[in-house]
Every structure is written in C-alpha cells, then in structure tokens.
Amino acid sequence: MSYIEIFDDKISAKTILETFKKIASLSYTYGEHDNPDTPPTGMVAELGLDLEKQNFVKDLRDLYMSLCPSEITTQYNQMDRAYVNLFAPGEQAYYHSDGDCMTLIYYVNPIWHPNQGGETKILQSSDRDVFAISPVPGRIAVFKGSLKHTTTSFRNMHRFSVALKFKARV
C-alpha cells in the first residue's frame with residue numbers, strides 16, 4: 001500500500017468546535033463527479049487558496065508541511081485546492097482517485113461514535129481489501145491521491161471534511 005498517515009491531537013477541542021461552526025455555515029453547491037461516468041454526490045464549498053483570508057487552511061497547510069516526511073512535502077509542496085465536502089445521512093460516494101497529488105483530509109465534526117459510520121475507505125492494491133480511516137474529531141489523514149478512495153456518510157447527521165490537495169511544483 002502507498003503512503004498513508006493519520007495524525008490525532010494536533011488541533012485543540014476549542015478550535016475543532018469553532019471550525020465546525022464556521023464550516024457548517026458556509027454556502028454549498030451540489031456535489032462533484034467522482035468519476036466521469038458517475039452522478040455527482042455530496043455538496044462542496046470551495047475555500048480558496050488565499051491564505052491571508054483562510055487562516056484555518058493556512059494552519060492545515062503548515063501542519064502538512066511539519067508532520068509529513070520531507071521527501072513527501074518536498075515533492076508535493078504546491079497546494080492546488082482547498083474545499084469542504086458535505087455528505088447528508090445515507091449518501092454514498094463512489095470510489096475515485098485524485099491523481100498525482102497528496103490528499104489531506106481534516107475531519108470537522110466535533111462528535112463521532114463508531115456506529116455513526118463516516119469512514120474514509122481506501123482500496124488496497126488488490127482492489128479487494130479496504131483500509132478505513134475513522135472520522136475522529138480533529139483527525140488529519142494524509143494519503144497519496146492516486147489511491148482509490150471514497151467516504152461513507154454518517155447514520156443520522158451531516159458529515160463535513162476539509163480536503164487539501166498538494167501537487168508537485170512544476
């Protein structure tokens with residue numbers, strides 16, 4: 001399996017709650033196509049790349065740069081996109097790849113229980129086995145964007161996650 005890292009306890013409980021309130025109040029547009037041949041799923045709010053306006057995006061970018069190994073951050077050092085994914089209860093996304101990039105996912109919801117679901121699922125190289133990342137509040141997951149992955153929704157509440165994509169600087 002390719003590069004996957006999970007980081008916990010890097011964001012304070014106060015910041016987790018403040019960020020959730022801010023993210024939940026954003027304007028969203030109806031979903032994205034995970035693949036050209038699938039219907040759109042979920043909802044999206046673009047955060048933009050202006051780090052002067054988006055302190056939280058800047059903080060996540062800085063965490064990426066400081067927590068991940070230098071061989072990753074040296075190669076994938078250009079933040080290409082910052083946005084929020086929102087999934088309603090029971091909604092199911094499709095497996096997809098983000099291409100040649102590193103994907104950072106920040107789990108926004110301030111509460112979670114294993115029976116809620118909401119995991120990010122990553123297919124292993126065999127396309128038969130799945131590695132799941134639980135959406136623990138404040139958790140940051142970083143993985144190779146070329147890995148096929150999807151998300152599951154929560155059982156009875158909306159699921160928010162911030163996604164940052166880092167491409168190789170050309």
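The values are calculated or read from the model by the stated rules, or taken from the named source; none is laboratory data. Everything quoted here is computed from the prediction, not taken from an experiment. Every residue, glycine among them, receives a Cβ derived from its backbone with ideal geometry; neighbour counts consider all protein chains shown. All accessible areas refer to the heavy atoms of the entire protein, side chains included, with ligands and DNA or RNA removed. Shrake-Rupley method; radii C 1.70, N 1.55, O 1.52, S 1.80 Å.
Among the criteria (1) of a type in the set (S, T, N, Q); (2) in a helix (DSSP H, G or I); (3) loosely packed, with under 15 Cβ neighbours inside 10 Å, the one T38 does not fulfil is (2).
Name the residue, out of Y30, Y64, Y76, that is of a type in the set (S, T, Y) and within 19 Å of T120 (Cα to Cα).
Values: Y30 fails: within 19 Å of T120 (Cα to Cα); Y76 fails: within 19 Å of T120 (Cα to Cα).
Selected residue: Y64, the only one of Y30, Y64, Y76 that is of a type in the set (S, T, Y) and within 19 Å of T120 (Cα to Cα).
Within the stretch 131-143, not a single residue is over 22 Å from L17 (Cβ atoms) and of a type outside the set (A, V, I, L, M, F, W, C). Cβ-Cβ contacts under 7 Å between residues 6 or more apart (or on different chains), taken from a first residue in the stretch 133-144 that is within 14 Å of E119 (Cα to Cα) and among the basic types (K, R) to a second residue that is open to solvent by 10 Å² or more (accessible area, probe 1.4 Å) and part of a loop (DSSP other than H, G, I, E, B), are listed as R139/D8. The residue that is farthest from D9 (Cα to Cα), among those in the stretch 120-132 that are in contact (Cβ under 8 Å) with a residue 12 or more places away in the chain and of a type outside the set (S, T, Y), is D127.
Scanning the stretch 99-111 for residues that are surrounded by 20 or more Cβ atoms within 10 Å (Cβ to Cβ) and more than 11 Å from the chain's Cα centre (by Cα) returns C101, N109. Note on the stretch 50-92: among residues that are open to solvent by 20 Å² or more (accessible area, probe 1.4 Å) and among the small types (G, A, S), the one that is nearest to the chain's Cα centre (by Cα) is A88. Every listed requirement among (1) closer than 24 Å to T19 by Cα; (2) touching a strand residue (DSSP E or B) at 6+ places or on another chain (Cβ under 8 Å); (3) open to solvent by 20 Å² or more (accessible area, probe 1.4 Å) is met by T120 save one, (3).
I need the strands (runs of 3 or more DSSP E) fully contained in the stretch 59-170, keeping only those with at least 2 residues that are in contact with a Phe, Trp or Tyr (Cβ under 6 Å, 6 or more places away or on another chain).
Details: elements: 78-87, 102-107, 120-123, 130-133, 140-144, 149-151, 159-167.
Counting at least 2 such residues, we get 78-87, 102-107, 140-144, 159-167.
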